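Worksheet: the structure to be examined is printed underneath.
The values are calculated or read from the model by the stated rules, or taken from the named source; none is laboratory data. In this text, all values refer to a predicted model and were calculated from it rather than measured experimentally. As a convention, Cβ positions derive from the backbone with ideal geometry for all residues, glycine included, and neighbour counts pool all protein chains shown.
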Amino acid sequence: MSKQQMTGVPDPILFSFRRCPYAMRARLALAISGTRCELREVRLRAKPPEMLALSPKGTVPVLVLPDGTVIDESLDIMRWALGTSDPEGWLAHDEAVLIATNDGTFKQDLDRYKYPNRHGTDPMVHRQAGLQFLHHLEARLTMSDQLCGTARGLADAAIMPFVRQFAAVDREWFDLQPLPHLQRWLDSHLTSALFHAIMMRVPPWSPGDPKVLFPLREDDISIHG
């Protein structure tokens, strides 16, 4: 039973896009905190006016709380969810500088590696630049199983979706890199019950559709451990 079911509080509404790494990390924190939401999957090419009215910048995720408060930055959603419930102590495994580097220079290189035609760039230059950040993560992971210690936490959940996206551009190349600890770390997250729970496939939302609750079948999926 979710926290909302126990208290009678309405569910927050989450506008999301399944493959977006920003939305992915928000869903990870919401799921681990036990926060049930009404999930509204978005078509990025046809963003619903209802979402744009709440957050004109037009990016996902967007979380609408029962009191009407709108949170439209993924890290803010993560910290809000974990501030309400943090059963694994994720907030104690945070590192703002590392996350800022991920969201800054690494994300820029990732975009220019994955979408060179869109940016008019040489993808190999940005693959090599992004690889420097991955080697930094590798060095951290030689000392502990997760980025901030032995247990997964906010930093892991915030960064992993972007490493996943980088690896997926050319997985054969990625698997050949001398990054054994990073590769193990990534695979451990991608095969976890938590990741499985947040990657539920649902059709794009339209007004009047039946509610889709997130996480799907939360009583049947153990996301901890």
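What the table shows:
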{"read-out": "Single condition Arg140 does not satisfy, out of (1) assigned by TED's automatic domain parsing to the domain that holds Ile99; (2) under 20 Å from the mean Cα position of the chain (by Cα)", "value": "(2)"}
{"read-out": "Condition check for Asp145: outside the structural domain of Arg25 (by TED's automatic domain parsing) and among the acidic types (Asp, Glu)", "value": "yes"}
{"read-out": "Any hit, the stretch 178-186, residues being outside the structural domain of Leu28 (by TED's automatic domain parsing), at pLDDT 95 or above, touching a strand residue (DSSP E or B) at 6+ places or on another chain (Cβ under 9 Å) and in a helix (DSSP H, G or I)", "value": "yes"}
{"read-out": "The stretch 148-177, residues that are assigned to a loop (DSSP other than H, G, I, E, B) and either charged (D, E, K, R) or crowded, with 20+ Cβ neighbours inside 10 Å (or both)", "value": "Arg152, Gly153, Asp170"}
{"read-out": "Enumerated helices (runs of 4 or more DSSP H) restricted to the stretch 12-92, each holding at least 2 residues that are under 16 Å from the mean Cα position of the chain (by Cα)", "value": "21-33, 74-84"}
{"read-out": "The lone exception for Phe133 - which of (1) without any contact (Cβ under 8 Å) to a residue 12 or more places away in the chain; (2) not assigned by TED's automatic domain parsing to the domain that holds Arg25 it fails", "value": "(1)"}
{"read-out": "Looking only at the stretch 1-44, and only at residues there that are among the aliphatic types (A, V, I, L, M) and surrounded by fewer than 16 Cβ atoms within 10 Å (Cβ to Cβ), the one that is modelled with the lowest pLDDT", "value": "Met1"}
